[in-house]
Amino acid sequence: MRIKSCIPHLILTLLLTVTVFFAAAGDAGKIKGTVIDAKTGDPLAGVSVQIKGTTMGAKTDLDGKFLILSVPPGTYTLVFSSAGFETVEMTDVQVTAGKVTERDIKMKPGKSEIGKVVTVTGKRKGIDFNQTGTISVKPSGSIHEIRIPSADYQPSSDAISASRSKVHYNGGPQGYCREVQIPPVHGGSSIVNDEPFDAMFFKNYGVNPFVDTEDDHLSTFATDVDDASFIMARSYLNRGELPPVDAIRVEEFINHFDYRYPAPFEKTFAVNIEGAPSEFGQNCTLLRIGIKGLEIPDEMRKPANLVFVIDISGSMKRENRLRLVKRSLLMLLDELRRDDKVGIVVYGNHGREILQPTSIRYRQEIERAIKCLQPGGATNAEEGIVLGYQMARRNFEKGKINRVILCSDGVANVGRSGPDAILEQIKEYADFGITLSAIGFGMGNYNDILMEKLGNKGNGHYAYVDNLKEAHRVFVENLTGNLQVIARDVKIQVDFNPDVVRSYRLLGYENRDVADNKFRDDKEDGGEIGAGHTVTALYEIKFHKYKNHGPIGKVYIRYKDPVGFEVTEFSKRINRKMIRRHFAAASPEFQLAAVSAELAEILRKSYWAKESRLEDVYRIARRIKRNSEIFGIVELLRMILATQRLEDELAER
């Protein structure tokens, strides 16, 4: 009886509470809007939008949109902030009870000076700025304020900020706020070891030493066309964090840039060699060896049978990364032709086939399958990858491109989850002619180790996508090169003349090392190179003091035809005439390769860069920008400045 008598009282209390809540909510308003890049017009994701002096705020989604709920009536100042853009305060934002206040804004790329904030009025929609191209950082050494006209800079417009700070949102009457935070994947309430993002898996492959030619005059390695490490580092810096040392692979910094090597006309490869005294290594000469693959026009690309293997596990909810995957694949569909086919396999708790290989002529059916994907469940990567290969094997067509495209954060927690176990499953398919593109998405709960190994051993490539611009570069601009392989198991061996060269050091390629006696062993795995792709290697070499006449050495390149597997080997001499007298006399492309490599050496805290200064790296990069219009130099300048600022902040802690 007592319980029954309490029920009316409980119902009345609940109704009063709900009434009070909705009455309070009715007295509140909302603020919504869109944030876009003033330079490109693209939406900016991950921008923090805070109501100054309160804990109310929001972050923009992949379309640059934000919504702040339950804002009491009044006049406010909004603060917009994002790594790589000037912080903006929008004043006079008036909120009316029961109404939506809309404020759109364009943010200007660049860092504002410490303590300096751009202030604009909030009385009208669509605030804009004049573009000055000014970047200002806290003074350190010789770096102060730098003006860059931003000719080729394309900031990460969809980069999602995943900082250590908690996310605030409104959830109660009268603007009451409470905190929420995506918990770390390993449990607990905070990320361990002071890392900015939880569960990021990288592997340290060490740093190559100087080698005396009297001990070993041969340097042998497998080629690598990937640049995922560069994109990963850029993403960290854009989010206001230094990348982990283990995330840096020097060769992927070097190979990110286009050095405008002349393409071969009939042969598979053309070789470009250039050298000059180094601006960084003491008493060193820097030697650049670049190879350029045969270019194939997009309209001449072979027909493609593609199988998308898509990770739809719960971790793909984070940062809306599955949404970025879907938008990326829809971009790719735009580039396919009528004779191309697409199949789809997904995996969460289990792998399953959701679309059998379908001609692009039935694009709507393919789009429907992609758009319906929703994240959830555990991550059985092994089962999903194997199912993808099995689908590709059943539909294999000789003379076509047969490719599995894996889109994932690389984390596996069901089935066999280590990279070696999964790699065992794909070797047979790779040998059969089914190649793999491993495309990584996400910051936090991301496995670079697995994704890189899958790309390498799957006879395809590894890329990291952090925004729509990068997706466009991977899936649109470089589609033919990424899909159509022109050479398999490509290996390079440099034979240095011991009478001229005293010692040498290869920058990067530590995880691509090949034993010298395996160079002509055609069972030994090498790298794959796609149409029009380039591979660049940098050596620091030291000459004998008084024996500087005669050839420096010879470069040997060995590869297999991707169809018939016939082996070809050719060579090119390295002569003294290829070495410039001064670094400044070398080509801008040579200097760009040197600067990108040195930034990577500093970021990975290489022993050989312990005396290097970012001010010197910046000075040379700025000189390159001043003297040439080489693509990508502004992006590199911004990364150097971001590294300097973050290292200064770290030193002050």
Relative contact order of region 349-464: what whole-number percent is it, with Cα pairs under 8 angstrom and at least 6 residues apart? 24 percent
Taking the alpha-carbon distance from Lys32 and a cut-off under 14 Å, which aspartates and glutamates remain once sequence neighbours fewer than 8 residues away in the same chain are dropped? Asp61, Asp63, Glu102, Asp104
Once the in-chain neighbours fewer than 8 apart are removed, the lysines whose Cα is under 21 Å from Lys317 read Lys59, Lys65, Lys166, Lys326, Lys371, Lys469
Among 450-461, 257-268, 337-348, 582-593, how do they line up from the highest to the lowest mean number of other beta-carbon atoms within 10 Å? 450-461, 337-348, 582-593, 257-268
Mind grabbing the accessible area of Ile602 for me, 1.4 Å probe, Å², rounded to tens? 20 Å²
Given Lys457/Lys518; Lys491/Lys554; Lys203/Lys542; Lys398/Lys523; Lys545/Lys572; Lys267/Lys292, which pairs have Cα atoms separated by over 19 Å? Lys203/Lys542; Lys398/Lys523; Lys545/Lys572
Search the structure for amide H atoms under 5 Å from the amide H of Gly526, placed 1.01 Å from N in the peptide plane, and list their residues when 5 or more places away or on another chain. Asp489, Val490
Residue list for region 282-310, given a label point 7 angstrom along the Cα-to-Cβ vector of Phe432 and an amide N cut-off under 15 Å: 305-307
Using a 1.4 Å probe, what is the accessible area per residue for region 196-256, in Å²? 29 Å²
Nonlocal amide H pairs with Gly377, under 5 Å, H built at 1.01 Å: Gly314
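Considering only protein heavy atoms and a 1.4 Å probe, what is the carbon-and-sulfur percentage of the accessible area of region 319-411?
Numbers: 1750 of 3910 Å².
It is 45 percent, rounded to a whole number.
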If contacts are Cα pairs under 8 angstrom and at least 6 residues apart, what is the relative contact order of region 287-353 in percent? 45 percent
Amide hydrogen neighbours beyond the local backbone of Val309, cut-off 5 Å, H modeled: Val345, Ile405, Leu406, Cys407
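The values are calculated or read from the model by the stated rules, or taken from the named source; none is laboratory data. Keep in mind the model is a prediction, meaning the values are calculated, not measured. When we count neighbours, we look across all protein chains shown, and the Cβ atoms used for this are built from the backbone with ideal geometry, even at glycine. Calculation scope for accessible area: heavy atoms of the full protein, side chains included, ligands and nucleic acids excluded. Shrake-Rupley method; radii C 1.70, N 1.55, O 1.52, S 1.80 Å.
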